[in-house]
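Trainee: Take a look at this one; I'll ask things after.
Values quoted throughout were computed directly from the atomic coordinates according to the rules given, and no laboratory measurement underlies them. All values derive from a computational prediction rather than experimental measurement. Every residue, glycine as well, gets a Cβ built from its backbone with ideal geometry; the counts of neighbours run over all protein chains shown.
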Amino acid sequence: MSFQRIAVIGLGLLGGSVGLAIKAHLPGATTTGYDADPATRARAAERGLVDQICDTAADAVKDAELVVLCVPVGAMAAAAKELAGTLPADALVSDVGSSKQSVAKALAEALPGHAIIPAHPVAGTERSGPDAGFASLFQQRWCILTPPEDADPAKLAALSAFWEALGARVEVMDAAHHDLVLAVTSHLPHLIAYTIVGTASDLEGVTEGEVIKYSAGGFRDFTRIAASDPTMWRDVFLANKDAVLEMLQRFTEDLTALQRAIRIGDGDQLFEHFTRTRAIRRSIIELGQDDARPDFGRSDHGQS
């Protein structure tokens, strides 16, 4: 099976990119879209993010075979309830959220009896809104599917094929394991970036603007991450708080060990640690998940 009628709910960076990627790679499919913000709907129509912009979520999904919820994870339940009355009985509901256990629970409660397979395309930029989306966002990025135990194999295969058609590499994973892995690879780095940039902001008065004026490459990379959508990341940390707090504790312990090594002048420990972490960077490049060129080979669209 394949999806010919697809509804995209939420038309920001991810929703807009889904719509544009469908147009680029699934020309036989038709798309409808909705966003709670009237200004976003208007701009989405101007950019042609989907074939038809609807005034309500209920209208957008009434004929859909696949519904992709592209709203912050904290808004999933409310968004799902809006479309419950007109959602076709055989439609598949999915999402693009960064935490999966909370989303699975929210969607199951809001849409009992409906087929639900949560998903997380591990792709994004620090930009947000309807102007941020672009069709190639998912190229060679991972999309993690976290199906419930009773998921229809045909629908799972179709959703996997959908994301592969948009350029993604698909992995199927348990929701709890996903949340733990992403707490390390995505959520904790964002929390650290927000903290470092916040500390720098507090120091701006002390340094008379020199923190920003003399920003080195490392700090600039942190500011890019820390420019990510505040609503989305607030919801992610609250939705995945157990895994984030567990990883934050591990990080704090490791940071304390490095702090001690610096204090006592243990250069061997510092060198061994930095050598080990350097190998991680090389592995990421070898897997094609980043670029070794200067500035990471990034153009106008940065990768989060």
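Trainee: Please list, ordered by chain and number, the residues whose modelled amide H lies under 5 Å from the amide H of V170; skip anything fewer than 5 residues away on the same chain.
Mentor: Under 5 Å from the amide H of V170 lie the amide H atoms of C143, each far enough along the sequence or on another chain.
Trainee: Taking only DSSP H segments of four or more residues, each worth -39500 (n - 2.57), what value at 222 nm results for the chain once the sum is divided by all its residues, to the nearest 500 deg cm²/dmol?
Mentor: On the way: 13 runs with 155 residues, N = 304.
Helix-only estimate at 222 nm: -16000 deg cm²/dmol.
Trainee: Once amide H atoms are placed 1.01 Å from N in the peptide plane, what residues at a sequence separation of 5 or more from T30, or on another chain, have their amide H within under 5 Å of its amide H?
Mentor: Close amide H contacts, sequence-distant or interchain: R5, I6.
Trainee: Normalising by the residue count of the chain, find the relative contact order in percent from Cα pairs under 8 Å and 6+ residues apart.
Mentor: This gives 17 percent for the chain.
Trainee: Could you run the Karplus curve 6.51 cos²θ - 1.76 cosθ + 1.60 with θ = phi - 60° over the range 41-46 and give me ³J(HN,Hα) per residue in whole Hz, x for Gly and Pro?
Mentor: Here the 3J(HN,Hα) series is 4, 5, 5, 4, 5, 4 Hz.
Trainee: Let me ask you something else. Would you please put 148-160, 92-104 in order of how densely packed they are, using the mean number of other Cβ atoms within 10 angstrom per residue and starting with the highest?
Mentor: Descending mean neighbour count gives 92-104, 148-160.
Trainee: Please list, in chain and number order, the residues 5+ apart from I116 or on another chain whose amide H is under 5 Å from its amide H, with Hs placed from the backbone.
Mentor: Here V93 satisfy the definition.
Trainee: Which pairs break 20 Å Cα to Cα here: K81/K241; K81/K155; K100/K241?
Mentor: Numbers: K81/K241 24 Å; K81/K155 22 Å; K100/K241 12 Å.
Listed pairs above 20 Å: K81/K241; K81/K155.
Trainee: Same structure, new question: At q = 0.07, 0.09, 0.11 Å⁻¹, what base-10 log of I(q)/I(0) does the Debye formula yield for the chain when every alpha carbon is treated as an equal point scatterer in vacuo?
Mentor: Values returned for q = 0.07, 0.09, 0.11 Å⁻¹ are -0.30, -0.49, -0.71.
Trainee: Something else now. With θ set to phi - 60°, apply the Karplus curve 6.51 cos²θ - 1.76 cosθ + 1.60 along the range 145-151 and write out the HN-Hα couplings as whole Hz, x wherever there is a Gly or Pro.
Mentor: 9, 10, x, x, 4, 9, 5
Trainee: Apply the Karplus curve 6.51 cos²θ - 1.76 cosθ + 1.60, θ = phi - 60°, to the phi angles in the range 227-234 and return the couplings in whole Hz, x for Gly and Pro.
Mentor: Here the 3J(HN,Hα) series is 8, 5, 4, x, 5, 4, 6, 4 Hz.
Trainee: Now for a separate question. Test of understanding: ordering H177, H120 by Cβ neighbours within 10 Å, fewest first, what list do you get?
Mentor: Sorted ascending by nearby Cβ count, the order is H177, H120.
Trainee: Alpha carbon centre of the range 3-80 versus the range 94-147: separation in Å?
Mentor: 13 Å
Trainee: What ranking, highest mean first, results for peptides 53-63, 274-284 when packing means the other Cβ atoms within 10 Å averaged over each residue?
Mentor: 53-63, 274-284
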